[in-house]
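Everything below concerns the one structure shown next.
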DNA sequence: CATTGTGAACGGGTTCACAGCA
DNA sequence: TGCTGTGAACCCGTTCACAATG
């Protein structure tokens, strides 16, 4: 627990996966698990799971394994998802519309609280309960509501510009749906979500 | 090019990213680039880009760098995306609907050619030009049309079962939108697409 | 006595530095 | 001269193996 050295990011990336598996077990009323069972579920070695979890403290019990509700709580703590995060959606095109309508985020710790676009033709129209706001109002909104996270669903051609504006406005983490790499200051979290990259990776192994 | 040893998967994963950057440069009519410029665009070291590309042959020219159209062609070859891949969409709930309507795959080397679901209430209804087919017809369809790739957008609770059925029917690659790990035979490609995992990873670094 | 937690060994990906070449 | 291609060095993540323990 005495983390003078930062925890490797690659471990942090696995924690949500562990959490997902644990919640799945929990939903089936399983109370205890162990590194071997988790490993089989996830295709990860038991040793790695033990080593990953041990970075944060002794969550397990020798001889019995891990208590699932307890470990879920701990992982949520570590990942800071023991709360609900407000996020904004920037870009109300087809993709943005689909995401705004999609209920998958709500109840899972993230809540879309506003939708922005800069197309005058759609500003003021509504998606679900959201009235589409002009991007020019985003800065005030972000600061007033202390929003840290943005979902970026603008076209690739304006993604860099939009991202820079969001960062200047106080956004600290961007989930980028646009198929383009963003260059942003150190310390800004960026994740990329492009199904095409994943499809293109898989085809290498086909035929 | 004499690959007795297989190319590490981590390199294959970077190729689509390189391709994306190259296509971006190409669209701006840039004809030549080099490892340093690409590295800056992508946040990857120049040495790594050179080493990755050299795995597949000498694509560059000392002193000048890489010819963009040539390198794009080569990467498409390697990734086998110098053709169009037919894919099926399995699961026509909200998410499946959004993906079926979304035009982002067409014209980028992948084409949805059918949509399946097992809910009698929606079988036969249409999304765009697709008539939703019963899953029971999927096996024949996959085999007749030699489909290799499926987008899986069923609920998490039925994803494992659906995936197994698809694999038995001949599917070789699954892009899994359901928030659950799949256990499938060796040799089947699986990619996971769950925005929540990415959001949960980013929150670790916030505040 | 089954399973964790962990130092040590291992393996492999990344960086370095420079020879080679247009 | 400028940039690629690449062996060697380095670094870091994974696996191994076992002591510790409830």
Checklist entry - Right, residue A:13: under 30 Å from residue B:188 (Cα atoms) and either buried (at least 20 other Cβ atoms within 10 Å of the Cβ) or assigned by TED's automatic domain parsing to the domain that holds residue A:190 (or both) or not? => result no
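Listed here are the residues, each with its yes/no results for (1) surrounded by 14 or more Cβ atoms within 10 Å (Cβ to Cβ); (2) within 13 Å of another protein chain (Cβ to nearest Cβ).
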{"position": "B:97", "(1), (2)": "yes, yes"}
{"position": "B:110", "(1), (2)": "yes, yes"}
{"position": "B:117", "(1), (2)": "yes, no"}
{"position": "B:120", "(1), (2)": "no, no"}
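Is there a residue in region A:191-205 that is part of a loop (DSSP other than H, G, I, E, B) and not assigned by TED's automatic domain parsing to the domain that holds residue A:96? Full working, then the answer.
Applying the first criterion (part of a loop (DSSP other than H, G, I, E, B)) to region A:191-205 yields A:193-194, A:204-205.
Then keep just the ones that are not assigned by TED's automatic domain parsing to the domain that holds residue A:96; that gives A:204-205.
Within region A:191-205, one or more residues are part of a loop (DSSP other than H, G, I, E, B) and not assigned by TED's automatic domain parsing to the domain that holds residue A:96.
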Checklist entry - Can you find a residue in region A:9-26 that is touching a strand residue (DSSP E or B) at 6+ places or on another chain (Cβ under 7 Å), within 30 Å of residue A:139 (Cβ to Cβ) and more than 13 Å from DNA strand C (Cβ to nearest atom)? => result no
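State yes or no: is residue A:68 within 12 Å of DNA strand C (Cβ to nearest atom) and closer than 25 Å to residue A:109 by Cα?
yes
The values are calculated or read from the model by the stated rules, or taken from the named source; none is laboratory data. Here the structure is a predicted model, which is why all the values come from computation and not from measurement. Every residue, glycine as well, gets a Cβ built from its backbone with ideal geometry; the counts of neighbours run over all protein chains shown.
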